[in-house]
Structures are given as C-alpha cells and as structure tokens.
Amino acid sequence: MPLRSHPRLRRAATALAVGVGLLTTTAVPAVATPAAASAAAAGLRSYLVITAPGSTAAAESAVTANGGAVYATYGAIGVVVAHSSAADFAARVRAVSGIQQVGATRTVDVPADAANPPIPASPTQVTPTATETTRADMAQIGADQAWSVNTGSPSITVGVLDTGVDDQHYDLKANFDAARSASCAYGKLDTRPGAWRPVGEHGTHVAGTIAAARNGKGMVGVAPTVKIASVRVAERDTQLFYPENTICAFVFSADQGMKVTNNSYYTDPWLFNCPTDLDQAAILEGVKRATAYAEGKGVLNVAAAGNENYNLANKTTDTTSPDDSTPVTRTITTSCLAVPNELPAVLPVSSITSSNTKSSFSNYGTDKVVVAAPGDAVYSTLPGGRYGSLSGTSMASPHVAGVAALLASVDPAATPAQLRARLQSQADDLPCTDTRCTGTTAKNNFFGEGRVDAKEAVSTPTTPGPSFTNPTDVPIPDAGAAVTSPITTTGLTGNAPATLKVAVTIVHTYRGDLVLDLLAPDGTAFPLKSANSGDSTPNLSTTYTVNASTKPATGTWKLRARDAFRSDTGYIDSWTLTF
C-alpha cells in the first residue's frame with residue numbers, strides 16, 4: 001500500500017492545493033482496458049511457494065500436480081508464484097518434499113486483469129509556467145547547496161517501486177530511463193512499453209523528489225541529473241502492493257543494475273507479517289530473499305518507515321489488516337514485521353517537519369529508523385505535468401534515495417553497505433523532541449542517525465575511507481560460546497579513526513539475546529551491544545561508531561558475537577569496517 005491518502009487507504013498523508021492548476025485530489029489517469037471486465041476470477045487465489053534458490057523445477061511440478069498453475073518463477077531466490085482455486089492447495093503443496101514454505105498472498109481473489117494486464121494510458125500533459133524556486137525541504141537537507149557542486153550522474157539509476165511514473169511529465173521526461181522500466185503488478189514482469197505508467201499519483205510525486213530536472217520550471221529533485229526508472233508495483237483500481245508484485249520489483253531492479261531503489265509503501269495485505277502465521281511467514285521469507293538478492297547485486301534499498309505514529313520496537317496490536325478485505329483486531333509482537341522497511345537489506349526512513357521535529361504520523365523505534373528526512377507538505381510532480389504537496393514517510397524516503405544517488409554519483413563503486421554507512425555518518429544530529437524519544441542526539445529512536453545531508457554527500461572525496469567486508473555467515477550457538485568473524489585490513493597507515501564505522505547485519509530470532517564486541521588487532525574489546533531480555537525484535541542491522549584512534553588500522557579485526565539466553569538462534573550475516 002502506498003503510504004499516502006486514498007478513500008480506502010488509512011495511511012495518513014494529505015494532498016494540498018498549491019497554486020493555480022495543481023491537483024487537490026488523487027488523479028488516476030485513464031487506463032486502456034481490454035474487452036474483458038476486471039471482476040475477480042471466482043475463487044482463484046495467489047500463493048508464494050518457497051524452495052531452494054536455483055532449484056525451482058520440482059516446486060513448479062508440485063504446483064501443477066496439486067491443482068495449481070505457475071504464474072511466475074524467480075529461480076535465483078527460489079520463489080514460485082502460483083495460482084489455484086483449490087481450497088487445500090497450500091496444505092497439499094506444503095507436504096511435498098523440498099517445499100520449504102507456502103503462503104497465500106491475498107485474502108481476496110486474483111483480479112481478471114492478471115491474465116491480461118492493461119497498459120495504463122499516458123496522462124494528458126500540461127506545460128508548467130511557474131519558475132523553479134528553492135523548496136523548503138531541499139534547503140533543509142542542503143540539496144540547494146549540493147547542486148552547485150554535483151547534480152548527480154546520469155549513469156546512476158534510481159528505481160521508483162511504486163504506483164507507476166508519468167514518464168512524459170515536463171520535469172521527469174529528460175531523466176526517465178524507459179529501458180529499465182516495467183510493471184510488476186500481479187507478480188509477473190511486464191516490459192511492454194508504457195506498462196510502467198501511473199495508476200495513481202503517488203509514484204510520480206516520489207520520482208520528482210528524487211530527480212525532477214533542473215530546467216527552470218516547476219521544481220527540482222535532490223539529484224536532478226540522475227536517471228529514474230519506474231517499476232510499477234501497484235495494481236490498478238485497488239492500488240495495492242501485494243508480495244508477489246514486490247518480489248518481482250526487487251528482482252527486476254537488481255537484474256537491471258539499478259544503484260538505489262525507493263520503496264514508499266508497505267506490502268499488502270498485512271501491515272505486519274507474523275512468522276507464526278504460515279501465510280505471513282512465506283511472505284516474510286519471499287520478500288526478504290528478494291531484498292537480499294537486490295542488495296547482493298549492489299542495490300541500496302531505501303524505504304519509508306510508515307505512517308501509523310507507531311513504535312515499531314514495541315508492537316502490541318494491529319487493527320488495520322488485512323486491508324484487501326475486512327480488517328480484524330489482532331494481537332502482535334515485535335517479531336511481526338512491516339515489509340519491506342523492517343527487513344535487513346532495507347534502509348528505513350522516518351519523517352520530520354520543517355522545524356526538525358518528528359512528523360505527527362511518522363513511525364519510529366529503536367533500530368527501526370536509520371535516518372530521517374522532510375516528509376510534511378512536500379511539493380513535487382503529479383501526473384499530467386502538474387504539481388502538488390503530499391505528506392508522509394513516503395515523501396521522506398525519496399529525499400534519502402536522492403542523497404544516496406548523489407553519493408553513488410561521487411563514488412559509483414560504493415557498495416550498499418558503504419552507501420548506508422556514509423548516509424549515517426554524514427547525517428546531521430537531531431535531538432529528541434518529546435518523551436517517547438529515547439537515545440542520544442547522535443542516535444535515537446525518532447531520527448536514527450539524524451537528518452540526511454545532500455551537501456555533505458557531494459563534498460565527500462571519491463574514497464572517503466577504505467571499507468572492508470566479511471560476507472561469510474557465522475552461526476551463533478544458542479546460549480553458547482562467543483563466535484568471531486574476522487576482517488583483515490591491508491594498505492592502511494597509522495591508527496584507526498576516532499569514528500570507525502562498524503556496520504553489522506545479524507539474522508536472529510530474538511536480537512535481545514545478542515552481545516557484540518569489536519576486537520582490535522591487539523585483542524582490545526570495544527563493546528558494541530549488550531543483551532536486553534526485553535527486546536524480542538528479530539534481526540539486527542545497524543552501524544556502530546567506535547573511537548579506535550589508539551589502535552593501528554592494519555591487522556585482523558574481529559566481530560565477536562554471543563547469545564546470552566536460550567531458545568533463539570541466528571547467525572552473523574555480514575559486517576563491514578569503514579575507516
């Protein structure tokens with residue numbers, strides 16, 4: 001679901017009237033509709049069938065042998081999208097050897113459009129007459145100062161995974177990358193020309209914030225000379241973002257060599273997906289594999305933290321799911337995750353006001369937000385050559401995607417871990433603004449590491465400091481002895497910096513069990529994280545800053561991890577040192 005307003009959608013973000021001729025309500029362009037009506041096919045449901053990556057033939061056979069049809073396959077991550085009208089389809093396929101998980105992706109039938117998706121019509125265009133002015137949100141993150149140094153490289157493409165983008169908009173057409181654009185609506189890749197076009201205004205607004213051209217008219221994006229590609233995830237009519245659509249979009253973005261993706265939505269129909277539910281567990285696994293696949297191919301995935309004003313580190317209740325049928329009130333825990341923003345291979349963004357306070361709608365939570373950006377009344381492009389203001393973490397996230405694109409323009413070889421570390425280290429500290437906020441000015445649960453800084457991004461030297469990564473998985477025994485993962489640094493002189501960055505990704509079912517230390521080459525231990533029996537949130541993906549200035553930079557550094565309590569397990573996924 002896009003994180004904005006809509007008659008059926010509850011994620012508070014508002015459309016404001018701004019100037020003459022600007023849209024004040026959601027504008028959905030006309031769609032070229034096939035002869036068949038788009039009524040739901042009776043009883044046909046969609047499922048994710050999860051198996052071993054690179055080996056999906058047996059899973060496809062299991063689908064067809066048990067009353068289903070293969071709709072799409074993502075072999076590299078071991079995910080098959082299946083359709084079936086059989087009520088016992090999931091149970092039967094789960095019983096097949098080699099099948100790891102099966103889960104329904106919807107609580108309603110698959111629309112008939114899935115069999116023959118219509119191509120959205122190109123919106124009728126108007127040419128803007130208003131002269132560009134420096135917008136408050138761009139000045140707030142220093143983008144207006146960045147433009148005099150670097151406006152971004154056209155070799156960098158940012159994928160807008162959203163409701164589609166108006167590629168003919170006056171402020172977007174110069175930077176639009178049609179060759180890398182497509183639709184993933186319904187869960188199958190559609191590369192027909194125009195399939196990427198909008199079924200709502202949300203994606204076009206996001207695209208403008210990232211890369212609207214600096215052409216004297218309308219408005220300017222954070223990185224006005226990088227490329228943007230549209231990967232439409234939303235389905236027409238409902239504008240919902242189902243898991244199979246999201247999986248398709250991440251895999252396609254990775255295969256197309258995009259450097260950054262922006263994800264201003266949560267995956268429908270569940271606001272939070274709980275691993276104890278068989279359907280939701282499959283959704284978690286499928287989308288997690290897709291985001292990890294993208295990150296492994298060099299993509300930094302940026303996502304909105306959500307608009308429920310919810311503490312994501314202390315979940316108790318969800319009253320809004322499923323959002324494609326009748327919502328129910330259900331008890332949840334912190335193991336239930338919003339997707340994609342709470343997944344390890346994603347960088348979540350909270351929203352701030354023009355006065356650098358938390359936006360009233362923005363979600364928050366310890367280690368649930370990496371950085372923050374403006375998200376209140378953000379002025380940007382709308383379909384048909386128009387402009388308007390929207391509010392939401394959906395509007396904050398593309399500011400960060402734009403800054404990441406600037407960073408990648410300065411250093412095209414930077415890895416996702418390096419881009420993440422630089423966004424964090426360059427962010428401007430923001431102090432807590434009310435009693436719900438915990439942490440320090442340098443890092444807290446409202447703003448993470450702080451407000452992104454576009455000027456600092458382009459001021460960074462091409463090689464701001466060497467980074468070293470160990471991607472090898474290391475199992476962490478349950479309530480057992482500590483394990484270590486080594487990184488041997490070479491080619492460095494002198495001591496390590498006072499701001500040594502330690503980026504850690506650990507997959508674990510209860511991160512409060514974890515005790516982490518950084519071990520210098522001489523064995524000195526720098527504590528990173530202590531155990532917290534009350535923190536039941538799964539997984540850990542964060543960057544620690546260590547003053548290691550008394551230790552030589554060259555040598556073998558180690559990440560030491562220990563599980564302090566029984567019953568939960570995990571492993572070190574990867575970690576990076578940036579000097």
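The values are calculated or read from the model by the stated rules, or taken from the named source; none is laboratory data. Keep in mind the model is a prediction, meaning the values are calculated, not measured. FYI the Cβ positions are ideal-geometry reconstructions off the backbone, even for glycines, and counts take in every protein chain you see. Side chains included, ligands, DNA and RNA excluded: accessible areas come from the protein's heavy atoms. Shrake-Rupley method; radii C 1.70, N 1.55, O 1.52, S 1.80 Å.
Some observations on this one:
- Test: residue in segment 542-560 that is crowded, with 18+ Cβ neighbours inside 10 Å, closer than 23 Å to CYS274 by Cα and touching a helix residue (DSSP H, G or I) at 6+ places or on another chain (Cβ under 8 Å): no
- Looking only at segment 195-212, residues that are open to solvent by 10 Å² or more (accessible area, probe 1.4 Å) and within 21 Å of ILE141 (Cβ to Cβ) come to 0 in all.
- Residue within segment 235-242 that is within 29 Å of TYR74 (Cβ to Cβ), open to solvent by less than 10 Å² (accessible area, probe 1.4 Å), in the same structural domain as THR415 (by the TED database) and in contact with a His (Cβ under 8 Å, 6 or more places away or on another chain) present: yes
- Each residue in segment 163-202 was checked for being of a type in the set (Lys, Arg) and under 25 Å from LYS217 (Cα atoms), and 2 of them qualify.
- Hits in segment 41-76 (condition: part of a helix (DSSP H, G or I), open to solvent by 10 Å² or more (accessible area, probe 1.4 Å) and among the β-branched types (Val, Ile, Thr)): THR64
- Verdict on ALA12 being modelled with pLDDT under 95, open to solvent by 70 Å² or more (accessible area, probe 1.4 Å) and part of a loop (DSSP other than H, G, I, E, B): no
- So GLY218, is it surrounded by 24 or more Cβ atoms within 10 Å (Cβ to Cβ) and either in the same structural domain as ALA95 (by the TED database) or at positive phi (or both): yes
- Any hit, segment 260-267, residues being more than 21 Å from SER181 (Cβ to Cβ) and either in a loop (DSSP other than H, G, I, E, B) or within 13 Å of the chain's Cα centre (by Cα) (or both): yes
- Only residues that are in contact with a Leu (Cβ under 6 Å, 6 or more places away or on another chain) and surrounded by fewer than 19 Cβ atoms within 10 Å (Cβ to Cβ) were counted across segment 449-498, and they come to 2.
- Test result for THR460, at pLDDT 95 or above and over 23 Å from the mean Cα position of the chain (by Cα): no
- The C-beta contact set for segment 382-393 (first residue more than 18 Å from LYS173 (Cα to Cα) and open to solvent by less than 10 Å² (accessible area, probe 1.4 Å), second residue of a type in the set (S, T, N, Q) and assigned to a loop (DSSP other than H, G, I, E, B), distance under 6 angstrom, 6+ apart or interchain) comprises GLY392/ASN307; THR393/ASN307; THR393/SER362.
- Filtered residues of segment 141-183 (kept if open to solvent by 10 Å² or more (accessible area, probe 1.4 Å) and touching a His at 6+ places or on another chain (Cβ under 9 Å)): PHE176
- Going through (1) closer than 27 Å to GLY465 by Cβ; (2) open to solvent by less than 30 Å² (accessible area, probe 1.4 Å) one by one, TYR379 falls short only on (1).
- Taken together, the residues in segment 67-95 that are among the hydrophobic types (A, V, I, L, M, F, W, C) and closer than 28 Å to ASP255 by Cβ amount to 10.
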